[in-house]
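All remarks here apply to the structure that follows.
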Amino acid sequence: MEANSKDADAERQLERRARRRVGMKIGFTIHALVYVLVNGGLYAINEVTGGPRWMIFPLLGWGLGLAIHGIVTFVSLQGEGWRDRMLESEKERLRRRR
């Protein structure tokens, strides 16, 4: 009976992690899609109205934010094992202090 409980807990934890990872990927994908659509629209407006190329400023500023979002997303997805190892190490240190 206890093994089933551990298996069920492990499965729930796996499900939570998978949902979190998928959520992070979807969040970044939506951010990238909105970036492309909005900046494409700004480019079109800038082309129609003429004048100086002002659309470069939101393109670069938002692009920086998108790049940071991408780095944070994909580093955190790759770093799960590293966080788990650090967590286990810290828990072990705390157990020794008791």
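The values are calculated or read from the model by the stated rules, or taken from the named source; none is laboratory data. Please read all numbers here as calculations on a predicted model, not as lab measurements. Note: ideal-geometry Cβ built from the backbone for every residue, glycine included; neighbour counts use all protein chains shown.
Among the candidates ARG17, ARG21, ARG53, the residue that is touching a Leu at 6+ places or on another chain (Cβ under 7 Å) and either surrounded by 11 or more Cβ atoms within 10 Å (Cβ to Cβ) or without any contact (Cβ under 8 Å) to a residue 60 or more places away in the chain (or both) is uniquely ARG21.
Out of all the residues in the range 1-33, which are under 19 Å from ILE68 (Cα atoms) and of a type outside the set (Gly, Ala, Ser)? Please lay out each step first, then the result.
Applying the first criterion (under 19 Å from ILE68 (Cα atoms)) to the range 1-33 yields 20-33.
Within the range 1-33, ARG20, ARG21, VAL22, MET24, LYS25, ILE26, PHE28, THR29, ILE30, HIS31, LEU33 qualify.
Just for the range 24-50: of the residues that are at pLDDT 95 or above and surrounded by 14 or more Cβ atoms within 10 Å (Cβ to Cβ), which one is nearest to GLN78 (Cα to Cα)? Result: PHE28.
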